[in-house]
Amino acid sequence: MGVSDRGAARRSARRSSTLMGVLAIAAGIVIVMNLFKVSASLSLLTADLGIGASAGSWLVTVCTVVAVVLVLPAGGLADRFGPKRVGLFGLACAALGSAVGALCTDIGPLLASRALEGVGYGLTGVVSPAIIAEAFPPERRGIPMAVWSCWMDLGMLAVLNVANLVIDPAVASSWKGLWWLCAALTAGLAAVYALAVREGPRPEAGAGAGESVLLTSLAGALKSPATWVVSSVFLLYNVGVLSLLTLAPLYCQTQLGLGAAEANSYTSLLTIGMISGAFATGLVLVRVRTLRGRIMLLAASMALAAAVLGGAYVYTVDQIVPFMLLGGLALSIMPAVGFTIVPETPASPAFAGAAIGLFMLMGNLAGFGTPLIGGLMESAPAVLSATLVAVSLTGAALSLLLLRLMGGSAPAQGA
């Protein structure tokens, strides 16, 4: 093969990797649109079905519960059967669940349809970064993993804007239009996904051997101390960040005296800062290619999180805008770097999917601490701030432990 032929082959491989990265990220955004379409239409939905806001909130919670149950086995399934097939199944479940939901006239069947959508949420959250990890060598994962790390923010922004195109505030049943739109978008993406996503060969398994391969993949990730450490850092990060995202509007209203609309507008600046910071972190990771450098960046990101969260419940009205924008920028770094590191933590690349599954599971578990944090915000905000600082600094210390566990002075291994 001549020089020009090799150059053409490299360009073709890069285009293929880029396409798979775009599709993996698009799948995540569409799945999050399905998840938060309830938030975008809750007032109409509750009025149409004759239910209260508490019952309506279960339409989001049921998806989250299903996802928490699925994320770890999803990683093993991706390692065994390939992220493409598992991801396609997840998209199909989400599309079917959204279409079935659009036909529902009672909360019971709608909850069942949302559980089906939760399968898509749980599988996609693991499979998409697994596709990126397989499509890009470690030194080139920075930008796609950084963009992927803000999939929740991008999906929420998308559905809140798209909802205005199909929902009529004067027609209670118009929430169904958003369900049909999400079903169509998810089904359309699934079709492109099926045609365009490529993956490497999977291990062959004879009759009855599939379960053994799956368990081997899960065990390979769970036996890796480095996988547990980086996943624990993600847990500690999310303890603070999820509480901030959830409780910031309430703090603005109860402690600063702002109205609900104004509080929500200011809190949206935090999301804008996080999205902007994720893209900026991707550009930084293009230059920081050694594993040691990325681990040091992970530790620094947790130290920055400590600085932000130390002021999360003490800022004043005059400080809202800089706190939200700069805080969002600082808090965006950890997930972007973490998603880049975690596929390298197991002993073999064949266990990368299961490692990502554990990473996602630990991150999701942090959400169960939000009620406790909400109570501290109301009764002892100074104690809460000190606690969140300590939690984040613990994450920084654990990040440095990765240097010993992974031989962090070695460069990331390319494909």
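The values are calculated or read from the model by the stated rules, or taken from the named source; none is laboratory data. Quantities reported herein were computed from a predicted structural model and do not represent experimental measurements. With ideal geometry, Cβ positions are generated from the backbone for all residues, glycine too; neighbour counts draw on all protein chains shown. Calculation scope for accessible area: heavy atoms of the full protein, side chains included, ligands and nucleic acids excluded. Shrake-Rupley method; radii C 1.70, N 1.55, O 1.52, S 1.80 Å.
A few notes on this one:
- Mean projected area in nm² (Cα convex hull; one quarter of hull surface) for the range 235-346: 6.9 nm²
- Sequence-distant lysines (8 or more away, or on other chains) whose Cα lies within less than 28 Å of K37: K84, K176
- What the pair-distance distribution of the chain shows, using all Cα-Cα distances binned every 20 Å from zero, is 27, 58, 15, 0 percent.
- The alpha-carbon atoms of the range 329-399 define a convex hull whose volume equals 94 cubic angstrom per residue.
- Put simply, the amide H of E199, placed in the peptide plane, has no neighbours under 5 Å, leaving out anything fewer than 5 places away on its chain.
- Legend: Rg and Dmax of the range 162-201, from Cα coordinates, 15.2, 53 Å.
- Only Cα sites of the range 1-159 enter the Debye sum here, all with the same form factor; the resulting log10 I(q)/I(0) across q = 0.19 1/Å is -1.11, listed in q order.
- Rounded FRET efficiency, nearest 0.05, which uses the C-beta distance separating V321 from A170 and R0 of 41 Å: 0.75
- D (Stokes-Einstein, µm²/s), Kirkwood Cα radius, the range 87-174, 1.002 mPa s at 20 °C: 142 µm²/s
- Charge dipole of the chain about the Cα centre (unit charges at C-beta), most positive-ward option of A99, M302, L291: L291
- For the chain, the solvent-accessible area with a 1.4 angstrom probe is 41 square angstrom per residue.
- With the simple model of a label 7 Å out from the Cα in the direction of the Cβ, L195 to A47 spans 4.1 nm.
- Taking 0.36 nm per residue of separation and subtracting the current Cα-Cα distance, fully stretching the chain between L403 and V22 would add 134.0 nm.
- Of all accessible heavy-atom area on the chain, the percent that carbon and sulfur account for (1.4 Å): 68 percent
- Highest average packing first - 297-307, 155-165, 263-273, Cβ atoms within 10 Å: 297-307, 263-273, 155-165
- About the Cα centre, charge dipole magnitude for the range 268-415 (Lys/Arg +1, Asp/Glu -1 at Cβ), debye: 520 debye
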